[in-house]
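Worksheet: the structure to be examined is printed underneath.
The values are calculated or read from the model by the stated rules, or taken from the named source; none is laboratory data. Just so it is clear, the model here is predicted, and its values are computed rather than measured. Cβ atoms come from the backbone with ideal geometry, glycine included; neighbour counts cover every protein chain shown.
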């Protein structure tokens, strides 16, 4: 599937974060409903200047990516639970958990995203949407996961945020 040419990765990640966050409040198996409601809202006009309106191509790309993330959700949560000490996914706040899920998917299954980039973007997202302590929390978990992963491409090294 072709990526949107007029949206950056950061914007797509923000939309995916919002969808993953929404999905946490829907019954399991209703992911299509989450995506449908999200796209219905963000393909029309928006009064919120921070929210970019999505084209049909962008919606299709994001729906595909969301489906792939949800397909690996059990494995993703297992990775997060193994890396977090004293914090299991059921106890994490939903913003942190949604950011972690997106980043772990990118780190392990998305060959287009270098591990360091996935970690940096996750830390930036959680600093924007999470609590003041969320950046260090997310960086620590993702760093541990990265250190335990086999390298997937030349850009995957330390597991530390660059920012």
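Within the stretch 42-66, the set of residues being within 19 Å of residue 95 (Cβ to Cβ), modelled with pLDDT under 80 and outside any loop (DSSP other than H, G, I, E, B) comprises just one member, 42.
Filter the stretch 125-142 down to residues that are in a helix (DSSP H, G or I) and either surrounded by 18 or more Cβ atoms within 10 Å (Cβ to Cβ) or in contact with a helix residue (DSSP H, G or I) (Cβ under 6 Å, 6 or more places away or on another chain) (or both), then give me how many there are.
Kept after step one, since they are in a helix (DSSP H, G or I), are these residues of the stretch 125-142: 125-129, 134-142.
When the remaining residues are screened for being either surrounded by 18 or more Cβ atoms within 10 Å (Cβ to Cβ) or in contact with a helix residue (DSSP H, G or I) (Cβ under 6 Å, 6 or more places away or on another chain) (or both), the result is 125-127, 129, 134-135, 137-139, 141-142.
The qualifying residues number 11.
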